[in-house]
Amino acid sequence: MTESADYHIKPIKQLLYLILVFFAFTLLANLVSLAWVAILYGKNITNQMQVVSKGSPQEVLNALKIVLALGTTIGMFLAPALYFSRFIVYNVDDYIKPTVKFSPLLLPLVLAIMLFSFPVMEMLININAKLALPEFLKGVERWMRQSENDTNRMIEAVLQTDTVGHFIISILIVAILPAIGEEFMFRGCLQTIFGQWTGNKHAAIWITAFIFSAMHLQFFGFLPRLMLGALFGYMAAYSGSIWPGVLAHFINNGAAVVATYLYQNKKTNIDPNSDHIFNYPLYIISFIIILFLFWIFKNVASGKRNIPEY
């Protein structure tokens, strides 16, 4: 990492500044989004959003999408990351890493890595789902499962893609905006701060991945999201750019939207909510291929060679 005159701000202080900016923008964005929703659909719409489901009226789903896009993705992640990097540390290049100066071969590699990651992610989901807390923490486990069910219900409501228009909006809200906003915040700002703090690239990647997964508050999806966070983190670290991770994030989220659209419109009989699409041999093959592709990714990113030598 290059040195900057702004690195005299200690990492712990940078983290505190980022947290303050995060909460300030989150509060402001949610107030604005809720006010906008109240103007468009009435004051009572917020109560209906709290119990949203697939059968909710379209205006409730539209209101939820506005809050998710503006209040959550833009307000919690994108705007704070941009403000922090531009006006706190004055170093967008090192913190956000928006450079496109990397080998174009990385992009098809990202696509391949993400496609072959689906079986591994399913395996991790199944492992995570079987985890249970000790008896004295059963109350906490029930709360975690209820929180998980509420979140899944909201996601299912947002992913109602019965028309092309709804499909495009879902891609924007679920795939494009989160891919940019969350990567700017986590692999951009947070990973850079922890890299300075620990002096260790791997520690920074895994700490950031842990926070990334925990902040989604989907406890029974913690392991797969942790691994995804690590994948995105290594892509940013090896390439020196945020964009390979943004593309990977978009592919992961976008695949869920596409799969849901195809299933809901009876163009496929594969249920995207099923946790048993693949089998154990595919889990192993998938894991081996991901490691191989990531080895190629690292070599290409470092400029050692474009094609692996045998």
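The values are calculated or read from the model by the stated rules, or taken from the named source; none is laboratory data. All values reported here derive from a predicted model rather than from experimental measurement. Ideal geometry is used to build each Cβ from the backbone, glycine not excepted, and the neighbour counts take in all protein chains shown.
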Report task. Please list, ordered by first then second residue, the pairs with beta carbon atoms under 8 Å, 6 or more apart or interchain, first in region 150-177 and in contact (Cβ under 8 Å) with a residue 12 or more places away in the chain and over 21 Å from S274 (Cβ atoms), second hydroxyl-bearing (S, T, Y) and part of a helix (DSSP H, G or I). Result -> I173/T73; L177/T73
Query raised in the report: What single numbered condition from (1) under 30 Å from P281 (Cα atoms); (2) surrounded by 12 or more Cβ atoms within 10 Å (Cβ to Cβ); (3) modelled with pLDDT under 95 fails to hold for M49?
Result: (1)
Query raised in the report: So which residues in region 141-200 are out of contact with any helix residue (DSSP H, G or I) (no Cβ under 9 Å at 6 or more places or on another chain), closer than 19 Å to S56 by Cα and among the charged types (D, E, K, R)?
Result: D150, R153
Requested in this report: Return the residue satisfying two criteria in turn: it lies in region 5-50 and is of a type in the set (G, A, S) and assigned to a helix (DSSP H, G or I), and of such residues it is nearest to W197 (Cα to Cα).
Outcome: A5
Query raised in the report: From the residues in region 259-286 that are without any contact (Cβ under 8 Å) to a residue 40 or more places away in the chain and aliphatic (A, V, I, L, M), which one is surrounded by the most Cβ atoms within 10 Å (Cβ to Cβ)?
Result: A259
Query raised in the report: If the Cβ limit is 9 Å and pairs must be 6+ apart or interchain, which residue in region 120-136 that is farther than 13 Å from N279 by Cα pairs with which residue that is in a helix (DSSP H, G or I) and β-branched (V, I, T)?
Result: L133/V140
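From the list F297, F194, F232, F220, which residue is in contact (Cβ under 8 Å) with a residue 24 or more places away in the chain, buried (at least 18 other Cβ atoms within 10 Å of the Cβ) and over 20 Å from the mean Cα position of the chain (by Cα)?
After applying the criteria, what remains is F297.
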Report summary line: For helices (runs of 4 or more DSSP H) lying entirely in region 89-189, having 2 or more residues that are exposed (fewer than 14 other Cβ atoms within 10 Å of the Cβ) picks out 106-130, 138-158, 164-170
Report summary line: Taking first residues from region 197-215 that are modelled with pLDDT of 95 or more and second residues anywhere that are among the hydroxyl-bearing types (S, T, Y) and assigned to a helix (DSSP H, G or I), the pairs with Cβ under 8 Å that are 6 or more apart or on different chains are A204/T192; A204/T198; I205/Y234; I207/T198
